Amino acid sequence: MAPSTTTDAPFGRMLTAMVTPFLPDGGVDYDGAARLATHLVDERRHDGLVVNGTTGESPTTSDDEKSKLLRAVIEAVGDRAVIVAGAGTNHTEHTLKLARQAEAAGAHGLLVVTPYYNKPPQEGLLRHFSAVADATGLPNMLYDIPGRAGVPIQNDTLMQLAEHPRIIAVKDAKGDLFGASRVMAETDLVWYSGDDVLNLPWLSVGAAGFVSVVGHVVGIELHEMIDAYRAGEHGRALEIHRRLLPVVTAIMTRTQGAIAVKAALNLLGLPGGGPLRAPLVEATPEFAARLREDLTIGGVKVPEVVIPEVAR
């Protein structure tokens, strides 16, 4: 495992699900990905990064692109950050292939999303996640996001999966704080907030940290929130939470996450703010203008004029 991990935070505490930069011709910008990863780790206090997740537009990148992207990020920051590879699909055999590919590339862990669209029963989820965990020697973080997948991982299923030695954490975008509290109390599973809207509430019931989207632009502040809460400075954590409300609102509630993040990176002149792959589309000028206002209100310093990284 890479640096910055402990038993109670095996993937670190502050992670972001990183966007995938693309070139104007539609190809993956591997150099841009390395630069963005370096910025997040070295300048924005990230303990780790999730590569090839949904925010990274994984539904529209090929297996070969996923492998090359993962290797580029690991080469850039893998000696000082935990690199978690998104490997989940709605086809078990394909997921096993991506898991083994990620292990061969040098990933430190796997993020495995609930199989989406085909809506398997809980027994299907149990078999799927167990098969993925058996396929490599890497620790697994389950991604519970019924809003996208169509089915939740029920609490009893999570408790059964917790018995597997390589299923050690959950990225939660389900929002059932009471149910998760029960699972945390009865298992060794480590929880990560997968919904920036609920970051502070998740800390209050025992989450180890965040797998964020807004961390692209406020990673330092989110790490400070975690540090403050863990130090017993709950008022300070609440102050940070409230100050970031405009940023979270702008990025997490007004359009699709990758669209919003790339618009924000573009405003800030950072790598990753370039094109998206269809069916996603670039943010409108109206969205970008409102995003600039919300970022500024939230304390993010937005340059008046920037030359986007992708155009340099």
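Overview of results
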| item | result |
| --- | --- |
| Length-normalised contact order for the chain - Cα pairs under 8 Å, 6+ apart - percent | 18 percent |
| The stretch 28-74 and the stretch 188-204: distance between their alpha carbon centers, rounded to Å | 23 Å |
| Most mobile of 264, 131, 278 in a GNM of the chain (Cα contacts under 10 Å) | 278 |
| Surface per residue (accessible, 1.4 Å probe) for the chain, Å² | 41 Å² |
| Student exercise, the stretch 1-65 dipole from Lys, Arg, Asp, Glu Cβ charges, in Debye to nearest 20 | 380 debye |
| Percent breakdown of C-alpha pair distances by 10 Å bin, ordered from the shortest bin, for the stretch 54-145 | 17, 52, 27, 4 |
| Over the stretch 169-312: Rg over Rh, Cα atoms, Kirkwood Rh | 1.02 |
| About the Cα centre, charge dipole magnitude for the stretch 33-186 (Lys/Arg +1, Asp/Glu -1 at Cβ), debye | 200 debye |
| Scattering profile of the stretch 173-251 at q = 0.12 Å⁻¹ [log10 I(q)/I(0), Debye over alpha-carbon scatterers] | -0.31 |
| Antiparallel DSSP beta bridges within the chain, as percent of all bridges there, nearest 5 | 5 percent |
| Inter-centroid distance (Cα atoms) of the stretch 209-233 relative to the stretch 282-302, Å | 21 Å |
| Whole-number D in µm² s⁻¹ for the stretch 122-211, Kirkwood Cα-pair radius fed into Stokes-Einstein, 4 °C, 1.567 mPa s | 99 µm²/s |
| If the convex hull is drawn through the Cα atoms of the stretch 38-79, its volume per residue in Å³ | 64 Å³ |
| Calculated on alpha-carbon atoms, Rg and Dmax of the stretch 1-76 in Å | 12.7, 43 |
| Charge dipole of the chain about the Cα centre (unit charges at C-beta), most positive-ward option of 112, 46, 175 | 175 |
| Mean shadow area of the stretch 65-201 over all directions, Cα convex hull, nm² | 8.3 nm² |
| Of the DSSP H helices in the chain, those whose Cα atoms cover at least 15 Å axially and whose Kyte score averages 0.5 or more | 257-268 |
| Size of electric dipole in the chain: Cβ of Lys, Arg +1 and of Asp, Glu -1, about Cα centre, debye, nearest 20 | 240 debye |
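The values are calculated or read from the model by the stated rules, or taken from the named source; none is laboratory data. The structure displayed is predicted, hence computed values, not measured ones. Note that each Cβ is placed from the backbone with ideal geometry, even for glycine, and that neighbours are counted across all protein chains shown. Just the protein is used for accessible areas: all its heavy atoms, side chains included, with ligands, DNA and RNA removed. Shrake-Rupley method; radii C 1.70, N 1.55, O 1.52, S 1.80 Å.
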